[in-house]
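One structure below.
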Amino acid sequence: MNTSPSLILTGHHSDDQAETFLLALKRGSGLKGLSAMTSETKQGKDVLLRPLLNITRAQILDYAQQLQLSWVEDESNTDICFDRNFLRNDIIPLLTNRWPSIVNTINRSSDHCREGQLLLEELAADDLKFCQKDGKNLSVGCLKQLSQSRFNNLIRYFLAQHQCLMPSTEQLVQLYLQLNAADDKTPVVKVGDNYLRRYKGVLYLTPQFGDVSDWQVELDLSDDESFIELPDDLGKLNIVKVVLYNDQKTTQGIILPGKMQKVTLRFSHNNPSCLPDYRNHSRSLKKVLQELNIPTWQRKRIPFLYYDDELVAAIGFFVCQAYVLQESEPSLHITWAS
């Protein structure tokens, strides 16, 4: 299979560019949309080139006729039910009759919009460095220091970096207002198939999560190593049974269950009282997850280990003290690769 980059050339010309600009204007697009088509566009590993953007349709036709070239005309090009054909066949000839250089001036405006968009992207890149906590998280405190317009520009840029659909103006206004919601609130704004969620001073970009509350699997510990595939793209658990104590293990050890005990993994719980390895006193599981500052939506996506119906561990966060490995005891080590 050939995986080398490809150059893709199209015949888009300056009249196509003018049509694209007017279509974007009709939709109420911003600078990015009004920039229309670029002469070079990256598409993954490939490059799309439009070498004829500065050439008019009339010039191309004249050249083809001089060389006595023949071509196939798409019969749908005359159907003005399509917006582009309506512009091409009815509107642009009318505009050109009044202003002969209108196609050139539209293309010049498109170039100005492209320059303005590049400046906005440079500004957004600087603002992202200021506001970004990590890959998909932004600091609410830093976002609050931006004007609404600058905030809108940054959010659009941030979402584009993660290949997300662009938000509407109304969604951006709502999101900006939600930055100032009460501290005990966890506001959410849906944008396409993704969500922007605020929690404890951080704005998180997350996908749409599936319901995993009914998922459960019973573990067979007869093998020394096993793998469990978690639902909804939550990753994989690697479960290793160690008969002798091994101080080289990087995960906290969990003592093995009794021979007759049922071992299960599940996401649901009935809020039991538990004593994590790092605490001195028991507390309800919900309170423990809160004090660990785990975002509310992530608390529903933690795999819990049970022996019979007794909570043993919240994988990736803590082991209940009664099940913490003591030296020389057989143990389980569970690694969560998300």
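The values are calculated or read from the model by the stated rules, or taken from the named source; none is laboratory data. Not measured: the values here are computed from a predicted model. Neighbour counts run over all protein chains shown; Cβ positions are idealised from the backbone, glycine included. Heads up: the accessible areas ignore ligands, DNA and RNA and are worked out on the full protein's heavy atoms, side chains in. Shrake-Rupley method; radii C 1.70, N 1.55, O 1.52, S 1.80 Å.
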- Message: Anything in the range 129-141 that is surrounded by fewer than 17 Cβ atoms within 10 Å (Cβ to Cβ) and assigned to a helix (DSSP H, G or I)? List them, or say none.
- Response: Lys129, Phe130, Gly141
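Looking at the structure I just gave you, is Lys185 at pLDDT below 95, open to solvent by 60 Å² or more (accessible area, probe 1.4 Å) and not in a loop (DSSP other than H, G, I, E, B)? Quick ask: steps written out before the conclusion?
Numbers: at pLDDT below 95: yes; open to solvent by 60 Å² or more (accessible area, probe 1.4 Å): yes; not in a loop (DSSP other than H, G, I, E, B): no.
No; evaluated as a whole, the condition is false for this residue.
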- Task: Return the pairs, sorted by first residue and then second, in which the second residue is charged (D, E, K, R) and surrounded by 14 or more Cβ atoms within 10 Å (Cβ to Cβ), the first residue lies in the range 81-95 and is in contact (Cβ under 8 Å) with a residue 24 or more places away in the chain and closer than 10 Å to Thr20 by Cα, the beta carbons are less than 8 Å apart, and the residues are 6+ apart or on different chains.
- Result: Arg84/Glu19; Leu87/Glu19
- Message: As an exercise: evaluate Val243 against (1) of a type in the set (Val, Ile, Thr); (2) open to solvent by 80 Å² or more (accessible area, probe 1.4 Å); (3) within 30 Å of Gln208 (Cα to Cα) and give the number of the one condition it does not meet.
- Response: (3)
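Inspect all residues belonging to the range 197-204 and state whether any of them is out of contact with any Asp or Glu (no Cβ under 7 Å at 6 or more places or on another chain), over 21 Å from Gln290 (Cβ atoms) and not aromatic (Phe, Trp, Tyr). Spell out how you get there, then give the answer.
To start, the set of residues in the range 197-204 that are out of contact with any Asp or Glu (no Cβ under 7 Å at 6 or more places or on another chain) comprises 197-204.
Checking the rest, the ones that are also over 21 Å from Gln290 (Cβ atoms) come to none.
The answer is no, given that none of the residues of the range 197-204 is out of contact with any Asp or Glu (no Cβ under 7 Å at 6 or more places or on another chain), over 21 Å from Gln290 (Cβ atoms) and not aromatic (Phe, Trp, Tyr).
Any idea how many residues of the range 96-110 are open to solvent by 60 Å² or more (accessible area, probe 1.4 Å) and touching a residue at least 40 places away in the same chain (Cβ under 8 Å)? Walk me through it before giving the result.
Taking the range 96-110 first, the residues open to solvent by 60 Å² or more (accessible area, probe 1.4 Å) are 97-101, 104, 108.
Going one step further and asking which of them are touching a residue at least 40 places away in the same chain (Cβ under 8 Å), we end up with 104.
Residues flagged as open to solvent by 60 Å² or more (accessible area, probe 1.4 Å) and touching a residue at least 40 places away in the same chain (Cβ under 8 Å) within the range 96-110 amount to 1.
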- All-but-one check, His333 against (1) in contact with a strand residue (DSSP E or B) (Cβ under 7 Å, 6 or more places away or on another chain); (2) free of Cβ contacts under 8 Å to residues at least 60 places away in the same chain; (3) open to solvent by less than 50 Å² (accessible area, probe 1.4 Å), failing number (2)
- Item | Answer residue from the range 24-56, given it is among the charged types (D, E, K, R) and crowded, with 17+ Cβ neighbours inside 10 Å and is nearest to Cys113 (Cα to Cα) among those | Lys32
